[in-house]
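Written below as structure tokens is the structure these notes are about.
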Amino acid sequence: MDTVIADKGAKGTAYGRGPQSHDGIITEVGPGTPCGEFMRRYWQPVAVADTVKDLPLAVRFLGEDLVLFRDKKGRPGLVHARCCHRGTTLYYGRVEDEGIRCCYHGWLFDTQGNCLDMPCEKDNGAGIRENVRQPWYPVLEEYGLVWAYFGPPEKMPVFTRWSTLENVGPGEKLYAHQGTFGGGGDHTVDIMPCNWLQDWENVMDPFHLPILHTSFSGVQFVPEFGIMPEVEWDYDNLGMKYTAYRKLNDGREVDRITYVHFPHVRIVPSVELAPGAGSSIGFCMPVDDENYTIFHVMKVPEKFEFGAQRRERIPGKIWSEMSEEEHQRFPGDWEAQVGQGPISLHSEEHLAPSDKGIRMLRRLLKEQIETVRDGGDPAGVFYNEKDAVVEVKAGNWFRE
């Protein structure tokens with residue numbers, strides 16, 4: 001076998017590379033970080049409502065460890081995991097009619113963190129209880145999800161609604177789901193081990209469809225995605241979109257319009273090229289700086305079963321059943337995004353003209369983060385319910 005050895009004077013080897021870095025302004029989401037404070041100005045999905053019962057759930061979002069529960073009267077509550085008494089986790093607490101009781105010394109907290117009972121203290125802590133409060137966040141239930149507001153109370157907006165999820169008609173229902181199928185995994189995995197932005201900005205990258213999803217790994221969606229599109233990107237008042245025009249082999253012409261809205265909403269049309277508006281709204285919810293999850297809400301037929309929608313990447317196998325060799329030979333979004341590392345190293349990127357949407361999105365995201373830093377309200381935050389209905393324009397629109 002021939003061995004290739006570069007000339008001694010050759011440049012461009014990996015030797016001597018300096019340290020590389022990520023752009024923390026647009027990726028780090030913990031309390032007090034610029035992007036974290038931006039994220040905390042919106043209602044955020046934290047669970048599928050049907051999964052929140054009387055057994056506490058340990059959840060982690062925006063870098064905070066929390067406990068989610070539903071009291072015996074049906075009210076959801078979201079509190080910090082560490083009990084404010086001696087610091088044990090409320091994950092092992094007992095849910096009662098009025099709230100959650102710590103397993104260690106029995107302090108009882110309602111869904112807003114008020115301490116209702118201190119059984120080890122005289123008169124159940126009368127005179128002390130009033131000065132104790134477990135850190136908590138406001139929650140509400142909409143569209144089959146539990147949502148939380150992590151931001152400053154005086155800035156709490158009204159809940160945003162989406163036109164395609166309203167007016168559920170006869171024979172229809174809303175289906176809410178948490179998982180990674182939007183990011184390339186399947187129903188077996190809830191958390192993706194990489195930064196949230198690696199998925200969200202991928203939505204504004206139409207050119208990975210003809211390569212990753214069609215020619216490299218075989219047709220993962222439809223053969224028509226193998227046609228290289230003509231693309232235009234545009235800003236709007238809630239985020240941005242792209243329009244990918246294709247002239248199909250059968251003579252039809254289609255504009256595929258995909259949107260991202262702040263803070264991390266993704267509205268992707270049917271990947272089967274079904275005509276009309278997209279019926280699914282997704283949320284790339286940051287768990288912390290190096291993990292995220294996706295929540296989806298879809299309007300579907302009443303008899304819809306999610307298990308029937310699991311897409312096989314190779315015949316007879318869904319994503320979690322593939323071997324490591326098969327993942328190498330037939331990669332998808334998971335492999336491409338997680339393959340960038342826990343947080344992609346932006347300093348070593350070489351963006352090309354086809355990455356225009358990535359540049360635009362990052363620039364716009366930084367502008368919104370700066371708006372919050374300067375005391376303003378970011379795009380997509382509403383304080384009047386009449387203004388808080390978003391008309392969904394994403395879809396596969398066939399030209400006549």
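The values are calculated or read from the model by the stated rules, or taken from the named source; none is laboratory data. Owing to the predicted nature of the structure, the values given are computational and were not obtained by experimental measurement. Neighbour counts are summed over all protein chains in view; Cβ atoms, including those assigned to glycine, are modelled from backbone coordinates with ideal geometry.
For this structure, a couple of remarks:
- Residue match in the range 327-339 (condition: of a type outside the set (Phe, Trp, Tyr), closer than 23 Å to Gly239 by Cα and either outside the structural domain of Val222 (by TED's automatic domain parsing) or in contact with a helix residue (DSSP H, G or I) (Cβ under 9 Å, 6 or more places away or on another chain) (or both)): yes
- Glu312 being modelled with pLDDT under 95, assigned by TED's automatic domain parsing to the domain that holds His177 and in a loop (DSSP other than H, G, I, E, B): yes
- Unmet requirement for Leu209, which otherwise passes all of (1) within 25 Å of Lys366 (Cα to Cα); (2) without any contact (Cβ under 8 Å) to a residue 60 or more places away in the chain; (3) surrounded by 21 or more Cβ atoms within 10 Å (Cβ to Cβ): (1)
- A search for C-beta distances below 8 Å between a residue of the range 291-303 that is under 15 Å from Trp196 (Cα atoms) and any residue that is assigned to a loop (DSSP other than H, G, I, E, B) and hydrophobic (A, V, I, L, M, F, W, C), counting only pairs 6+ apart in sequence or on different chains, returns Asn291/Ile191; Asn291/Cys194; Tyr292/Ile191; Tyr292/Cys194; Tyr292/Trp196; Thr293/Ile191.
- Members of the range 317-355 that are of a type in the set (D, E, K, R) and touching a Cys at 6+ places or on another chain (Cβ under 9 Å): none
- One residue stands out in the range 247-290 among those that are basic (Lys, Arg) and surrounded by 21 or more Cβ atoms within 10 Å (Cβ to Cβ): the one that is farthest from Val48 (Cα to Cα), namely Arg256.
- The range 371-391 - residue that is in a loop (DSSP other than H, G, I, E, B), over 15 Å from Pro263 (Cβ atoms) and of a type in the set (Asp, Glu) and, of those, modelled with the highest pLDDT: Asp374
- From the list Val189, Val219, the lone residue that is surrounded by fewer than 19 Cβ atoms within 10 Å (Cβ to Cβ), of a type outside the set (Gly, Ala, Ser), over 20 Å from the mean Cα position of the chain (by Cα) and assigned to a loop (DSSP other than H, G, I, E, B) is Val219.
- Extreme residue, modelled with the lowest pLDDT, among residues of the range 315-345 that are touching a Ser or Thr at 6+ places or on another chain (Cβ under 7 Å) and of a type outside the set (A, V, I, L, M, F, W, C): Ser320
- Strands (runs of 3 or more DSSP E) (entirely within the range 83-143) containing at least 1 residues that are free of Cβ contacts under 8 Å to residues at least 60 places away in the same chain and of a type in the set (Lys, Arg): 94-96, 99-101
- Some residue of the range 1-8 being in contact with a strand residue (DSSP E or B) (Cβ under 8 Å, 6 or more places away or on another chain), of a type in the set (Lys, Arg) and over 22 Å from His346 (Cα atoms): no
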